[in-house]
Amino acid sequence: MFYKAIYVIVSREFKRFFRQRGRLLTTLARPLLWLFIVGGGLTKIIDVDAGANYLQFLLPGVMGMTILFSSVFSTISVVWDREFGFLREMLVAPVPRVTIVIGKLMAGTMLSVFQGMALLVVAPFLGITIELVDIFYIFVVVVLISFAITAFGLFIAARLDSLEGFNVIMNFIVLPMFFLSGALYPIDTLPQILKYVTYVNPLSYGVDALKHLMLAGGEGITLAAEMPIYFDVIFLSVFAVVMTTLSARAFERRG
Amino acid sequence: MPLAIEVKDLVKKYKNANGKEAVRGVSFSIEEGESFGFLGPNGAGKTTTIDILCTLLDQTSGTARVNGFDTLEDPHGVRSSIGLVFQEMTLDNELTAYENLKFHSYLYNMERRLSETRIDEMLEVVGLTERKGDFVKTFSGGMKRRLEIARGLLHRPKVLFLDEPTLGLDPQTRRSVWGFIDELRRRHGNTVFMTTHYMDEAESCDRIAIIDEGRIIALDTPNVLKRSLRGDTIYLNTTDDDRAAVELKEIFSLDVKRLEGDGGLALIVESGEKFIPRLLNDLSVDVLSVNLKRPTLDDVFLHMTGKEIRDARVSNSTENARSVNRRFSRR
């Protein structure tokens, strides 16, 4: 019914993304820096007997990180739109507020999926072989993570009215979310108190699901998935639905 | 005549500002095709009222109807009837002029072919045809304003809201912006609701409401409002103001205001130019300077509220009259 409005909101986000050269460059460079500079160095000092080497272990984590940053950065556009007034143009249009939420959510999800999936290209160079059918499952999981985290970002962005506030959020929520997601080392190695944080972190479940699909598991293998994959998928789905509802509500609110 | 806007006992209390009421019981109605000016200083409640009428804010109490739709019960109906030009810029700098208008046409569900011709037409009207494919970030303030007006009118809204549409523009651009708006009104007969604190802009409205501290303190045509002042103001400087004041009272039985600061007298008479010769003839003290000022909405506002509409004022009145006004306002 309001597909035209949704379409135009999505297409605007895409235009903006591809026009911002710096953002495009960061998007491509950040995961590669993590993989080859951080991962490349650490893989030499981390000695594992079985399963994946550290570089291979890092790939699902870096995919998760890419999605996390991409999704959260997409939602900054809401704050940006508010600061530069464009949000008002959308708020007074004869379309339900939820249209804006759906549009932003779809754009953020699609951009993240695109960036996350693009990283699969490096998998063969790391010695990871992925079956064709697994690529499909990975795609599903990547969509789910992107959707969940974009919805989460949207919920936060709906409440922020300055870009400064957004930077604070970046440092106090997004970076810990990355570090405490099992992306860089297994969650099991964390002290108990930090483990609790990982339990409510949607990215932990996302990265874990990706590990299921990309790394070999089994007895005695430490660098592998740690939770059942069905639980990962259920948690992400529930989280996505809750966050979508909350952010739709946040937009519906009027002074 | 059907009503374009109908507002009854509108009240808006903000939660944060110690429950202070930004709008304190405002009522008015605007007929279709009318241009209506909302005049008042910053913080008088102008933007709050517009935001309520545009469904961006919910009122605390009272009702507001736009084009027959209740703002609370049918915000969607309201939104499809209105066009807006906001006080602040609401264009996307990263898009071109065309893309900004295209975005708007999609949001308002305009038919594709219609939107293309309308975009060209509106760009022509605001003189931006040549800049169609340029990014908005390369535009000057005046060009952005014009583009916003083109956008606000793209879907042919029944009611056009203009919240300080010429704020921060130079006089020349202000004139051309009003030229566009008047032209479009003539052609399409839109209802225009605008807020401003430029007096000369308000004077071109069919009716004006003067709003101060959340209340409408006067509502009428510009002429009636000016007439309510009953005459011209004469500013007088003499060698002996005390004696002049006494004489004015005795000879003409006029109420004379003493001005603070540099001194001088101010009096209101029915017809200034006829009175000045008599004044010069009959006064026994020497007159140093006489200044005649016809009533403007500035004076009306000053008269009604006891304060000037804004601090840094640009108006047509003379420098002298301006400083006198300042002195008045300090009382």
* Structure fact -> The residue from B:84, B:101, B:114 that alone is modelled with pLDDT of 90 or more and either assigned to a loop (DSSP other than H, G, I, E, B) or within 7 Å of chain A (Cβ to nearest Cβ) (or both) is B:84
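Identify all residues within the stretch B:120-152 that are aliphatic (A, V, I, L, M) and more than 14 Å from chain A (Cβ to nearest Cβ); write none if there are none. Talk me through it step by step, then tell me what you get.
Of all residues in the stretch B:120-152, those aliphatic (A, V, I, L, M) come to B:122-123, B:125-126, B:128, B:136, B:143, B:147, B:149-150.
Of everything in the stretch B:120-152, those that are aliphatic (A, V, I, L, M) and more than 14 Å from chain A (Cβ to nearest Cβ) turn out to be B:122, B:123, B:125, B:126, B:128, B:143.
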* Return a yes/no flag: does the stretch A:41-52 have any residue that is surrounded by 14 or more Cβ atoms within 10 Å (Cβ to Cβ), more than 21 Å from the chain's Cα centre (by Cα), away from every other protein chain (no Cβ under 14 Å) and modelled with pLDDT of 80 or more. => yes
* To do: Report yes if some residue within the stretch B:236-253 is surrounded by fewer than 19 Cβ atoms within 10 Å (Cβ to Cβ), among the aromatic types (Phe, Trp, Tyr) and over 30 Å from residue B:169 (Cβ atoms); otherwise report no.
  => yes
* With respect to residue B:70, is the statement that it is charged (D, E, K, R), surrounded by fewer than 23 Cβ atoms within 10 Å (Cβ to Cβ) and within 14 Å of chain A (Cβ to nearest Cβ) true? -> no
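Could you tell me which residue of the stretch A:3-40 is farthest from the other protein chains (Cβ to nearest Cβ), considering only residues that are among the aromatic types (Phe, Trp, Tyr) and surrounded by 19 or more Cβ atoms within 10 Å (Cβ to Cβ)?
Across the stretch A:3-40, the extreme among qualifying residues is A:34.
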* Structure fact -> Screening B:145, B:187 for residues that are out of contact with any Lys or Arg (no Cβ under 8 Å at 6 or more places or on another chain), among the charged types (D, E, K, R) and either surrounded by fewer than 17 Cβ atoms within 10 Å (Cβ to Cβ) or in the same structural domain as residue B:30 (by TED's automatic domain parsing) (or both) leaves only B:187
* Enumerated helices (runs of 4 or more DSSP H) restricted to the stretch A:67-161, each holding at least 2 residues that are away from chain B (no Cβ under 14 Å), buried (at least 21 other Cβ atoms within 10 Å of the Cβ) and in contact (Cβ under 8 Å) with a residue 40 or more places away in the chain -> A:97-118, A:132-159
* Out of all the residues in the stretch B:272-294, which are charged (D, E, K, R) and part of a helix (DSSP H, G or I)? -> B:273, B:274, B:278, B:282
* **Count - residues of the stretch A:64-113 that are basic (Lys, Arg) and modelled with pLDDT of 90 or more** => 1
* Asked: Hey, which of the strands (runs of 3 or more DSSP E) in the stretch B:1-74, taking only ones fully inside, have at least 3 residues that are among the hydrophobic types (A, V, I, L, M, F, W, C)?
  -> B:3-13, B:21-31, B:35-39
* Selection status of residue B:316, in the same structural domain as residue B:211 (by TED's automatic domain parsing), assigned to a loop (DSSP other than H, G, I, E, B) and either at pLDDT below 75 or under 30 Å from residue B:167 (Cα atoms) (or both) -> yes
* Could you tell me whether the stretch B:38-59 includes any residue that is out of contact with any Pro (no Cβ under 6 Å at 6 or more places or on another chain), more than 10 Å from chain A (Cβ to nearest Cβ) and of a type in the set (Asp, Glu)? => no
* Asked: residue B:77: touching a strand residue (DSSP E or B) at 6+ places or on another chain (Cβ under 6 Å), within 14 Å of chain A (Cβ to nearest Cβ), within 24 Å of residue B:169 (Cα to Cα) and modelled with pLDDT of 90 or more, yes or no?
  -> no
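Go through the stretch B:201-247 and give me each residue that's of a type outside the set (Ser, Thr, Tyr) and under 25 Å from residue B:157 (Cβ atoms).
B:201, B:202, B:203, B:205, B:206, B:207, B:208, B:209, B:211, B:216, B:219, B:222
The values are calculated or read from the model by the stated rules, or taken from the named source; none is laboratory data. Remember, it's a predicted structure, so these values are computed and weren't measured experimentally. Note: ideal-geometry Cβ built from the backbone for every residue, glycine included; neighbour counts use all protein chains shown.
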